[in-house]
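See structure below.
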């Protein structure tokens, strides 16, 4: 075989090889790393060099602080520079690590903030704050149920002077009320959320002003059966994950798609609530319920959907 073809064949084979471990293997690697001192989290990202991102794929370890190598046990405490992993019959993979300091992890608020689990009322109807985000145009806002302020399908950015007044009840106090304005609402086959600016306190992803809600997580079918929690104005409600990619009728929203489905754990006023796991990762935002074989189920849109649609960042 001509040399050029052989080299091309090998290159094609390399392109087909996985660049990172499988999700199951990656979970084992994460579990091992999280046992090590000061390691708070992990993710697959780009390696930094002298403060700048490189093109090299790496396993990033987020740590509380960096400790001199000679103060750590080389096998049990030190984060290895290279993580080896198997990929079937192919040559073992090697993934570099990159240790980065997580600035002020789990820093509680100095005062009241608008965040997940706070109650929201508008014109006598009730809902709940889901997450806080930084919008490129609207600034810092919180999400709640779109159907709280929008009577039917559509996407409306309320003009100045026509924004919908709401009241937010803090989950950290005995229901101290704060004034806010609904700036935008979206109701469609895939979304049901409103963006609210609270006028007198900042917005952050803290439940009861102190418990952090982590970045959105995208579940797979491997996660069916996982115990979950709904961050409601009534408190933390226990539930269990039942399905993904749902296509179900949801109240007057009609047929909705790309839904997450859990055992029924919610009631009136919980719409908009954030669905989290034991790691406090945000999975979904409650849009309502459906009934299957005579039993109710709670249904959610993905927590990351408003961020993606609005070009926003997680506060």
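FYI, it's all coordinate maths here, none of it is from the lab. Just so it is clear, the structure is predicted and the values come from calculations on it, not from any experiment. Cβ atoms come from the backbone with ideal geometry, glycine included; neighbour counts cover every protein chain shown.
General observations
- Gain in span if fully extended, residue 56 to residue 78, counting 0.36 nm per residue against the direct Cα distance: 5.8 nm
- Modelled FRET efficiency - R0 35 Å, residue 224 with residue 67, Cβ distances, 0.05 increments: 0.35
- Label zone at residue 200, where the point sits 7 Å out along the Cα-to-Cβ direction: the stretch 116-151 residues whose backbone N lies under 18 Å: 118-123, 142
- Sites residue 35 and residue 94 - FRET efficiency at Förster radius 35 Å, r taken between beta-carbons, to 0.05: 0.95
- Likely footprinting exposure, 283, 85, fewest C-beta neighbours within 10 Å first: 85, 283
- Relative contact order (%) - criterion: Cα under 8 Å, at least six apart; region: the chain: 14
- When the chain is treated as a Gaussian network with alpha carbon springs shorter than 10 Å, the biggest mean-square fluctuation among 155, 112, 50 belongs to 50.
- Taking other Cβ atoms within 10 Å as a rough exposure proxy, 213, 218, 83 sort from fewest to most as 218, 83, 213.
- Crossing angle, helix 3-16 versus the chain [Cα axis fit, 0-90 degrees, rounded to tens]: 40
- Each residue in 221, 209 was given a count of other beta-carbon atoms within 10 angstrom of its own, and listing them fewest first yields 221, 209.
- Label of the coordinate-derived value, volume of the Cα convex hull per residue in Å³, listed as [x] 140; [y] 198; [z] 130: [y]
- Calculated [θ] (222 nm, deg cm²/dmol) that DSSP helices of n ≥ 4 give over the chain, each run adding -39,500 (n - 2.57): -3000 deg cm²/dmol
- With the simple model of a label 7 Å out from the Cα in the direction of the Cβ, residue 123 to residue 293 spans 4.0 nm.
- Virtual spin-label span in nm between residue 190 and residue 49, 7 Å along Cα→Cβ: 3.8
- Cβ-Cβ distance of residue 252 and residue 87, R₀ of 41 Å, FRET efficiency by 1/(1 + (r/R0)^6): the value works out to about 0.25.
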